[in-house]
Amino acid sequence: MIQSFAHLSPLPFETCWTSPANIAFVKYWGKKGHQLPANPSVSLTLKECVTTSKVTFLAGEKLSVELNLEGTRKDSFGIKIENYLRSLETMIPWVKNLKVKIDTSNTFPHGAGIASSASGLSAFALALTDYLYFMKPDSDPALFHRQASFLARLASGSACRSVYGGFVTWGMSHLEGSSDEYACPLEVHPELSHLLDSVVVVSDQEKKVSSREGHARLNEHFFAEARYAQAKNHFRKAIDALKAGDMEVVGSILEAEALSLHAMMMTSPDSFTLLKPNSLLLMDMVRTFREETKLPLYFTLDAGPNLHLIYPYSHRNKIETFINNELTPLSQRIITDSRGEGPQKC
């Protein structure tokens, strides 16, 4: 998708992007080919959990990347971006002569399973796409976000969904225009277009097993094919329910997907556990609250111990009273979030 930029030569350029995390309702967990999903996924882009990255591009004798997170140099992260850029050399060979500096910060804990890789790497992909368009100003602006999503996917699969606001799908499916190579925005029923997400931070410690490593372990999992079939089935049902405004079906899929994701981790070859004791206790408390009140509060988790509590805006008062009064003692902090409109140029 970016071969039209192959003939360029590096020029000085500075840009800044703020890009959000997203929470997957149907999970992407398992790969095929080069950064392609084994099943389609659908996610909600968040508003408050964001990464802001200022990126400077300069011409150099060889590729080099300096990355500062919250003002502290992080060579390990810089190496990841450098390796990512090297992977693009077959499409845009001039990246081998780039000198890149990145100053980045998050509004939420890094590496704790709240999709900081999605927000951080989508922010960098947007900055890189902005750079490409700066050097080739006759590029089609209508393709900007699709090309940014393509580049984000090559850095981190879930990052390709953060390029768009609201609900977003990624992966070949029954939906028109769907693709494994980039994400696509999804229109849903008005009653579900403004869901809230209270992120209960059980632990802000960086997880011991990265998502990249977790994906790799799934390749050898005895139940991998069954998991992919389940995810594809959940995807179809979730899309239908989102379009119909059926929160009960959406919620049941949210919880089933979270539990399946962590079950695959715990039963994979060289198994691992990212849940904490309070993660399990919180799940039970949410289910009990829903049974007793009949209010539509549901949980999900990404690859970490922290719960995302999803609920409609119309029920926020009673649900947020429960969250703040009953769940706060079991958490380090609670981030009240909601549907976001997508990335913004600073």
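Each value in this text was obtained by applying a stated rule to the coordinates, not by laboratory testing. Nothing here was measured: the structure is a model prediction, and the numbers come from that model. Virtual Cβ from ideal backbone geometry, glycine too; neighbours counted across all protein chains shown.
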Among Lys99, Lys208, Lys31, which one shows the highest mean-square fluctuation when the chain is modelled as a Gaussian network with alpha-carbon springs under 10 Å? Lys208
Report, in degrees rounded to the nearest 10, the 0 to 90 angle that the Cα long axis of helix 116-135 makes with the longest principal axis of the chain. 30
Taking a spot 7 Å from the Cα of Thr90 along the direction of its beta carbon, which residues of the range 130-160 have an amide N less than 18 Å from it? 150-157
Please name which of His174, Gln147, Ala231 has its Cα lying farthest along the dipole of the range 103-233 towards the positive end, using unit charges on Cβ (Lys, Arg +1; Asp, Glu -1) and the Cα centre as origin. Ala231
Helix-only mean residue ellipticity at 222 nm, the chain, DSSP H runs n ≥ 4 weighted -39,500 (n - 2.57), per residue, nearest 500. What is it? -11000 deg cm²/dmol
Tabulate in residue order the Karplus-calculated ³J(HN,Hα) for the range 223-237, using 6.51 cos²θ - 1.76 cosθ + 1.60 with θ = phi - 60°, rounded to whole Hz; enter x for Gly and Pro. 9, 4, 5, 5, 5, 4, 5, 4, 4, 5, 5, 4, 4, 4, 5
The chain, Gaussian network, Cα under 10 Å: of Gly157, Gly304, Gly245, the residue fluctuating most is Gly245
Search the structure for amide H atoms under 5 Å from the amide H of Leu307, placed 1.01 Å from N in the peptide plane, and list their residues when 5 or more places away or on another chain. Val200, Val202
Selection from Gly78, Thr104, Cys16, by position along the positive dipole direction of the range 5-158 (Cβ): Gly78
Which of Asn317, Asn83, Asn22 moves the most in a Gaussian network model of the chain with Cα springs under 10 Å? Asn317
Quote the relative contact order of the chain in percent (integer), defining contacts as alpha-carbon pairs under 8 Å separated by 6+ residues. 24
Heads up, the chain by the C-alpha gyration tensor (a ≥ b ≥ c square roots of eigenvalues; a/c under 1.5 rounded, else a/b over b/c prolate, else oblate) looks prolate
Let me know the shape class of the range 37-102, please: from the alpha-carbon gyration tensor, a ≥ b ≥ c as square roots of the eigenvalues, rounded when a/c is under 1.5, otherwise prolate if a/b is greater than b/c, or oblate. oblate
Answer in debye to the nearest 20: the dipole magnitude of the chain about its Cα centre, from +1 Lys/Arg and -1 Asp/Glu charges placed on Cβ, is 480
Toy charge model, Lys and Arg Cβ at +1, Asp and Glu Cβ at -1: the range 193-338 dipole around Cα centroid in debye, rounded to 20, equals 140
Can you tell me how much longer the chain between Ser314 and Glu341 gets when fully stretched, taken as 0.36 nm per residue apart minus their C-alpha distance, in nm with one decimal? 7.8 nm
Please compare each pair in Lys47/Lys294; Lys32/Lys294; Lys208/Lys294; Lys47/Lys74; Lys47/Lys243; Lys54/Lys318 to a cut-off of 29 Å on the Cα-Cα distance and tell me which ones are over it. Lys32/Lys294; Lys208/Lys294; Lys54/Lys318
Please label the shape of the range 233-346 as rounded, prolate or oblate, based on the square roots a ≥ b ≥ c of the eigenvalues of the alpha-carbon gyration tensor (a/c under 1.5 means rounded; beyond that, a/b larger than b/c means prolate, else oblate). rounded
State the Kirkwood hydrodynamic radius of the range 16-152 in Å, one decimal place, computed from all pairs of distinct Cα atoms. 15.8
